[in-house]
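Novice: Below are the C-alpha cells for one structure; questions will follow.
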Amino acid sequence: MKKIMVTGCAGFIGSSLTDKLLSEGKEVIGIDNFNDYYDVKIKEANIFQAQQNPHFKLYRVDIENKEDLEKVFKNEEIESIVHLAARAGVRPSIEHPLEYIKTNILGTGNILELMKQYGIKKLVFASSSSVYGNCQEEKFREDIKVSKPISPYAATKLSCEGLCYTYSHLYQMQVICLRFFTVYGPRQRPDLAINKFSRLIEAGEKIPMYGDGSSMRDYTYIDDILQGIEGAINYNQTNYEIINIGGGSPISLRTMIETLEEVIGKPAQIEELPMQAGDVNKTVSDISKARLLLGYKPSTTFKSGIEQYRKWRKSHVN
C-alpha cells in the first residue's frame, strides 16, 4: 500500500493528523527529530497512541540531515507528503534567526530534492498566516501581495512557498501550500497563548497581555485544520495553490481571555505589557478559496473549541 509521510508527526498538528489518518486505515510514515523547543515528554505522549498501530512507522530523523532523510525515502514507498516539520514561534525566531533559516528553508529544500529524486509528486506544505505581515486589508486573501514579513519565522515560510512553486513548476509536482491561521485545541504547544493562559489562570498567576487587548487572531480549531489538510491531500485539479485555512471569525485578545475565564470558571489576573516585536495586529482569513477548492467548512465556534480544549486538558494534563 502507498504511504503518506507526515513530517513533524509528534507535534501538535502532526500527531493529530497522524492519528486521524490511521483511524481511516491509511499507512503513515512519521518523521520527527523530537527537538527540545518544548518538553520532549509531551511529544512522546502525543505519538504514543500512533506507535501502537501496525500501519504507522516512526523515524527519528532531522529534516536538516539529507543523508538520514534519504534512508527513509529509500526504505518506504511514499505516495504523498504532508510537511509540517519546522521551527515554530515568531518571537524565538527573532532571537535565533539562523536556526529558523536552516531548519525551515534548508529542511524544506531537502524534502523537495528527495521528492524530485524519488519521483514523489504530491506535497501539502504547512505555511502560516504570519506571511501576511501587518496586512491592512479587511480580510487576508491569497492573492494579496505578501512581500513584507515582520519576523524571521514568517520570512522562512514565505521563502518556502517560493521554493515549493519552483519545484512544482520545474518537476510537475502538485504542491498545496496551506496558510494556517492560529491553531488551537487538544495537544496545543505549551508556548501558545491558550495553553499558557489556561495554566496561569488555573494557578492564579498573572497573564502577560501584550498591547491593549484589541489585537485579533483568526483562531482555528484543530479538527477544522485537519479537515483542510485532508482536503488538500485529496485535491488534484491544479499543480500549485496557496490556500488559507482559518476559522473565518477573528477574536480579540481580550475576548479570548474572557472566554477562558468563563470556561475555566476563574478570573484572570492581567499584566498589561507593550506589544512585542514581530507580533502582527490582526489575522483575518478569507476562506472562500478553501471552500471552493477543498470543500472546506470550519464548524467549531471559538467558545465550543475552548470548551473541548478544557475538557481534554482536565483529562490529559498532569
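The values are calculated or read from the model by the stated rules, or taken from the named source; none is laboratory data. Keep in mind that this is a model prediction, so the values were computed, not measured. Methodologically, a virtual Cβ is constructed for each residue, glycine included, from the backbone with ideal geometry; neighbour enumeration extends over all protein chains shown.
Novice: Are there any pairs, at least 6 apart or on different chains, whose C-beta atoms fall under 8 Å, with the first in segment 61-89 and among the β-branched types (Val, Ile, Thr) and the second surrounded by fewer than 17 Cβ atoms within 10 Å (Cβ to Cβ), and if so, which?
Specialist: Note: pairs meeting the criteria are 61/68; 61/71; 78/2; 78/118.
Novice: Check 91, 87 and return the single one that is of a type in the set (Lys, Arg) and part of a loop (DSSP other than H, G, I, E, B).
Specialist: Numbers: 91 fails: part of a loop (DSSP other than H, G, I, E, B).
Answer to the check: 87.
Novice: Does at least one position in segment 247-256 carry a residue that is closer than 26 Å to residue 7 by Cα, surrounded by 15 or more Cβ atoms within 10 Å (Cβ to Cβ) and at pLDDT 95 or above?
Specialist: Let us first name the residues in segment 247-256 that are closer than 26 Å to residue 7 by Cα, namely 247.
From what is left, the residues that are surrounded by 15 or more Cβ atoms within 10 Å (Cβ to Cβ) are 247.
So of that shortlist, the ones also at pLDDT 95 or above come out as none.
Within segment 247-256 (the criterion being closer than 26 Å to residue 7 by Cα, surrounded by 15 or more Cβ atoms within 10 Å (Cβ to Cβ) and at pLDDT 95 or above), the answer is no, since none of the residues qualifies.
Novice: While we're looking at this one, here's another question. May I ask you to verify whether residue 161 is modelled with pLDDT of 95 or more, acidic (Asp, Glu) and in contact with a Cys (Cβ under 6 Å, 6 or more places away or on another chain)? It would help to see each step written out before you state the result.
Specialist: Working: modelled with pLDDT of 95 or more: yes; acidic (Asp, Glu): yes; in contact with a Cys (Cβ under 6 Å, 6 or more places away or on another chain): yes.
Yes, satisfied.
Novice: Condition check: buried (at least 23 other Cβ atoms within 10 Å of the Cβ), of a type in the set (Ser, Thr, Tyr) and in contact (Cβ under 8 Å) with a residue 12 or more places away in the chain. Does residue 235 satisfy that?
Specialist: Numbers: buried (at least 23 other Cβ atoms within 10 Å of the Cβ): no; of a type in the set (Ser, Thr, Tyr): yes; in contact (Cβ under 8 Å) with a residue 12 or more places away in the chain: yes.
Here the answer is no, as residue 235 does not meet what is asked.
Novice: Next question. Since residue 146 meets every condition but one in (1) within 27 Å of residue 303 (Cα to Cα); (2) touching a Phe, Trp or Tyr at 6+ places or on another chain (Cβ under 8 Å); (3) free of Cβ contacts under 8 Å to residues at least 24 places away in the same chain, which condition does it not meet?
Specialist: Of the numbered conditions (1) within 27 Å of residue 303 (Cα to Cα); (2) touching a Phe, Trp or Tyr at 6+ places or on another chain (Cβ under 8 Å); (3) free of Cβ contacts under 8 Å to residues at least 24 places away in the same chain, the odd one out for residue 146 is (1).
Novice: Among the residues of segment 280-312, what is the count of those that are acidic (Asp, Glu), more than 17 Å from residue 195 (Cα to Cα) and free of Cβ contacts under 8 Å to residues at least 60 places away in the same chain? If you could, list the steps in order and put the result at the bottom.
Specialist: Step one: filter segment 280-312 for residues acidic (Asp, Glu), giving 286, 307.
If we keep only those that are more than 17 Å from residue 195 (Cα to Cα) as well, we get 286.
Filter again for free of Cβ contacts under 8 Å to residues at least 60 places away in the same chain, leaving none.
Going through segment 280-312 one residue at a time, the tally reaches 0.
Novice: Within segment 103-159, which residues are surrounded by fewer than 21 Cβ atoms within 10 Å (Cβ to Cβ), of a type in the set (S, T, N, Q) and in a loop (DSSP other than H, G, I, E, B)?
Specialist: Residues satisfying the conditions are 134, 136, 147.
Novice: Residues in segment 37-49: is at least one closer than 25 Å to residue 161 by Cβ, assigned to a helix (DSSP H, G or I) and in contact (Cβ under 8 Å) with a residue 24 or more places away in the chain? Break it down stepwise before answering.
Specialist: Our first condition is that a residue be closer than 25 Å to residue 161 by Cβ; within segment 37-49, this holds for 37.
Filter again for assigned to a helix (DSSP H, G or I), leaving none.
No, segment 37-49 has no match at all.
Novice: Pairs only if they're at least six apart or on different chains, beta carbon under 8 angstrom, first in segment 174-199 and farther than 23 Å from residue 287 by Cα, second small (Gly, Ala, Ser) and in a loop (DSSP other than H, G, I, E, B); list them, first residue then second.
Specialist: Filtered contacts from segment 174-199: 189/11; 189/88; 191/89; 197/268.
Novice: Looking at residue 290 and the list (1) among the hydrophobic types (A, V, I, L, M, F, W, C); (2) surrounded by fewer than 18 Cβ atoms within 10 Å (Cβ to Cβ); (3) over 29 Å from residue 204 (Cα atoms), which single condition is not satisfied?
Specialist: Among (1) among the hydrophobic types (A, V, I, L, M, F, W, C); (2) surrounded by fewer than 18 Cβ atoms within 10 Å (Cβ to Cβ); (3) over 29 Å from residue 204 (Cα atoms), the lone unmet condition for residue 290 is (2).
Novice: Kindly check whether there is at least one residue in segment 266-279 that is free of Cβ contacts under 8 Å to residues at least 60 places away in the same chain, of a type outside the set (S, T, N, Q) and surrounded by 15 or more Cβ atoms within 10 Å (Cβ to Cβ).
Specialist: No, every residue in segment 266-279 fails to be free of Cβ contacts under 8 Å to residues at least 60 places away in the same chain, of a type outside the set (S, T, N, Q) and surrounded by 15 or more Cβ atoms within 10 Å (Cβ to Cβ).
Novice: Right, next: When the residues of segment 16-52 are narrowed to those that are of a type in the set (S, T, N, Q) and out of contact with any Phe, Trp or Tyr (no Cβ under 9 Å at 6 or more places or on another chain), which ends up nearest to residue 99 (Cα to Cα)? If you could, list the steps in order and put the result at the bottom.
Specialist: Our first condition is that a residue be of a type in the set (S, T, N, Q); within segment 16-52, this holds for 16, 18, 23, 33, 35, 46, 49, 51-52.
Restricting the remaining residues to those that are out of contact with any Phe, Trp or Tyr (no Cβ under 9 Å at 6 or more places or on another chain) gives 16, 23, 33, 35, 49, 51-52.
Details: 16: 26, 23: 35, 33: 14, 35: 12, 49: 30, 51: 29, 52: 33 Å.
Only one residue fits best here, namely 35.
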